[in-house]
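Worksheet for the structure shown next.
What follows is calculated from the coordinates using simple rules that are stated; it is not laboratory data. Fair warning: this is a prediction, and the values are worked out from it, not measured in the lab. Note that we place each Cβ from the backbone using ideal geometry, even for glycine, and neighbour counts take in every protein chain shown.
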Amino acid sequence: MATKTAEKVPAQKKFTGKIHTVVKWPEPVLAKRGEEITVFDKALEKLVEEMFESMYAAQGIGLAAPQIAISKRITVIDVSFRKDPADKLVLINPEVIQLEGKQTEEEGCLSLPEIREKVNRAAKVRVRAQNVKGEWFEVEGEELLARALQHEIDHLDGVLFIDRLSRLKRELVLRKIRKLQKNGEW
Ligand code: NI
């Protein structure tokens, strides 16, 4: 049904794809290494567009394909959450090629709702990846972008941020999740 608010939405390319559901821990696909992308076609472009829209719908600034139950090495990032189109990043088959320094900041994950913990990461990271056309490029990130890059590439290797916590912290987080599960809130 068309509503008045719909008319206020600024003109933009109409999105006709699917909004994917984000799967939560302990969905097995989250612990698997994603498959390399070898075919760069229209279907891949469509999937990337759907990943951005699914990420925005879930209020995220990064989303990896395994989080929508697609075990492939694709991730999308937008640290400004739509404010700056230049921040939209598509990384296919990404590889970290350089890590520098240290930072410890709070992270969250769409697959671990309500969980936020400080994670040790490199302060600066350099990544090599392919775009939707299969062309290789490099991107460098600091601060939030560095964290997002490391967090999302971890997803492609089946690693969640809770796997990077101390054993004790991880245990506490898992206990909280079990409690949420028990209450039907997970
Ligand atoms: Ni995540």
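Quick notes on this structure:
- Some residue of region 68-91 being within 13 Å of the chain's Cα centre (by Cα) and more than 16 Å from the ligand (Cβ to nearest atom): yes
- Criterion violated by Gly101 - all others in (1) in contact (Cβ under 8 Å) with a residue 24 or more places away in the chain; (2) small (Gly, Ala, Ser); (3) over 26 Å from Ala58 (Cα atoms) satisfied: (1)
- Residue within region 121-135 that is within 13 Å of the chain's Cα centre (by Cα) and touching a residue at least 60 places away in the same chain (Cβ under 8 Å) present: no
- Scanning region 115-145 for residues that are more than 15 Å from the ligand (Cβ to nearest atom), surrounded by 15 or more Cβ atoms within 10 Å (Cβ to Cβ) and outside any strand (DSSP E or B) yields Ala122, Ala123, Val132.
- Residue within region 73-89 that is part of a strand (DSSP E or B) and touching a Pro at 6+ places or on another chain (Cβ under 8 Å) present: yes
- Test: residue in region 28-38 that is farther than 16 Å from Leu112 by Cα, touching a Pro at 6+ places or on another chain (Cβ under 6 Å) and buried (at least 20 other Cβ atoms within 10 Å of the Cβ): yes
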